[in-house]
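Only the coordinates and a few stated rules stand behind these numbers; no lab work does. The shown structure was predicted, so the numbers you read here are calculated from the model rather than taken from an experiment. Methodologically, a virtual Cβ is constructed for each residue, glycine included, from the backbone with ideal geometry; neighbour enumeration extends over all protein chains shown.
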Amino acid sequence: MSRYPEIDLLKVHTYSAATRPSKVRTDEEAVPPRAGMSMSEFLSGLPDILKVKELKAIALAVVEARSMGKPVIVMLGGHVIKTGCAPILSDLARKGFIHHFASNGSAAIHDTELARFGHTSEDVAALLEDGSFGMADDTAGLVNAAAKQAQMRGEGLGEAVGALLIEEQAPYLQRALLATCYQLAIPYTLHVALGTDIVHQHPTANGAAIGDASMRDFRILAATVARLGQGGVVLNLGSAVIMPEVFLKALAIARNLGHEVTNFTTANFDMLQHYRPTVNVVHRPVLPGGHGYSITGHHEIMIPLLAATILEEAEG
């Protein structure tokens with residue numbers, strides 16, 4: 001026998017699990033998929049639990065925002081374009097589900113190269129060794145020319161890049177997010193950190209023009225953010241730092257100017273949940289009212305799944 005005292009489990013109070021409130025029920029469990037099933041059947045067969053419920057809530061918020069005339073803003077990082085998701089986002093924009101795109105500079109560079117050449121994403125490690133990384137002059141030529149045009153004409157930077165892609169009739173224009181936005185007359189705003197993009201390595205880069213055009217895009221984004229209240233949606237797709245920071249400042253300006261930007265939905269989609277998207281997109285903006293969600297997964301899987309869920313919610 002041990003020298004130490006033991007608690008007496010014979011005296012614990014028990015109850016029946018049959019009558020206990022529980023968080024998971026059999027009617028919420030998954031329906032096994034089968035070959036040839038429709039997307040609607042697949043989505044309805046997912047377990048109605050945790051992130052599936054959140055994914056459907058986000059999709060429903062997008063659908064309801066469209067019906068109420070409230071903006072849906074999609075912020076994105078370059079990896080979203082590199083993983084082949086631009087055609088999906090362009091399609092959602094054409095169908096009226098997205099009303100404003102905002103990205104860092106890399107997303108626009110990848111979108112531009114895919115539109116013009118049908119390929120993007122150089123081998124950084126191999127080209128860095130001899131200093132040729134990022135030295136594609138045709139890519140830099142268009143993007144830097146867009147900045148100068150934007151400054152001269154009083155346009156946003158994303159607006160000017162889209163216009164130039166259309167003007168030159170890029171071979172893969174149809175899949176280009178920048179061009180789609182220009183054709184639809186919806187903003188694609190570019191929020192550039194000087195020195196972060198390969199086009200800044202070139203003699204054609206004009207810091208004054210880039211800064212002026214990107215600053216104009218910040219003001220355009222803030223104007224859209226000001227209309228988010230009572231039903232709008234903000235989705236951050238894969239931007240870990242720049243877009244969460246830009247969004248928070250745009251929100252502060254909108255509220256400072258008296259716009260009641262509350263009771264809207266935010267969501268962060270990324271492969272990892274980073275600090276700034278968590279606090280600047282999911283938590284802080286909706287403290288006065290609204291809902292914030294975090295969905296973790298690879299863009300090439302989660303963005304098509306989100307788009308399919310939005311379309312099914314719209315039909316349903």
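Once you mark the GluC sites (Glu not before Pro) that are in a DSSP loop and have at most 14 other Cβ atoms within 10 Å, what is the longest gap between them in the chain?
Between the exposed loop sites, the longest stretch runs 30-128.
Using unit Cβ charges (K, R positive; D, E negative) and no other charged atoms, how large, in debye to the nearest 20, is the dipole of the chain about its Cα centre?
Result for the chain is approximately 1160 debye, rounded to the nearest 20.
What is the Cα centroid distance between segment 229-272 and segment 120-198, reported in whole angstrom?
24
Take the alpha carbon atoms of segment 25-69, find their center, do the same for segment 289-314, and report the distance between the two centers in whole angstrom.
Measuring centre to centre over Cα atoms gives 10 Å.
Can you compute the helix-only [θ] at 222 nm over the chain? Use -39500 (n - 2.57) per DSSP H run of at least 4 residues, normalise by all residues, nearest 500 deg cm²/dmol.
-14000 deg cm²/dmol
Calculate how steeply helix 51-68 sits against the longest principal axis of the alpha-carbon atoms of the chain, using the helix alpha-carbon long axis, and give the answer as 0 to 90 degrees to the nearest 10.
Once rounded, the angle reads 50 degrees.
Using +1 on the beta carbon of Lys and Arg, -1 on that of Asp and Glu, and nothing else charged, what's the dipole of segment 1-112 about the Cα centre, debye to 20?
That gives segment 1-112 a dipole magnitude of about 140 debye.
Put +1 on the Cβ of each Lys and Arg and -1 on the Cβ of each Asp and Glu in segment 1-65; which of Val12, Ala30, Ala57 then has its Cα farthest toward the positive end of the dipole?
The listed residue farthest towards the positive side: Val12.
May I ask you to derive the FRET efficiency for Leu127 and Met271 from their Cβ-Cβ distance with R0 = 22 Å, giving the value to the nearest 0.05?
The calculated FRET efficiency here is 0.35.
To test your reading of the geometry: what angle, between 0 and 90 degrees and rounded to tens, separates the Cα axis of helix 207-225 from the longest principal axis of the chain?
Helix 207-225 sits roughly 40 degrees off the main axis of the chain.
Name the residue farthest towards the positive end of the dipole of the chain from the options Ala193, Pro288, Leu164, assuming +1 on Cβ of Lys and Arg, -1 on Cβ of Asp and Glu, about the Cα centre.
About the Cα centre, the residue reaching furthest to the positive side is Pro288.
List the aspartates and glutamates whose Cα lies under 19 Å from the Cα of Lys95, skipping any in the same chain that are fewer than 8 positions away.
Within reach: Glu64, Glu312, Glu313, Glu315.
Pull out a ≥ b ≥ c, the square roots of the eigenvalues of the alpha-carbon gyration tensor of segment 237-293, then state rounded if a/c is under 1.5, prolate if not and a/b is larger than b/c, and oblate in the remaining case.
oblate
Using a Cα-Cα cut-off of under 30 Å, which lysines could be cross-linked to Lys11, ignoring same-chain neighbours fewer than 8 residues away?
Within the straight-line cut-off, Lys11 pairs with Lys23.
Suppose each label sits 7 Å from its Cα in the direction of the beta carbon; what would the Ala185-Lys51 distance come out to in nanometres?
Rounded to a tenth, the inter-label distance reads 4.0 nm.
As I understand it, the dipole of segment 150-262 uses +1 on the Cβ of Lys and Arg and -1 on the Cβ of Asp and Glu, about the Cα centre. Which of Ala240, Tyr182, Ala226 lies farthest toward its positive end?
Of the candidates, Ala226 comes out farthest on the positive side.
How far, in degrees from 0 to 90, does helix 242-256 lean away from the longest principal axis of the Cα atoms of the chain, to the nearest 10?
90
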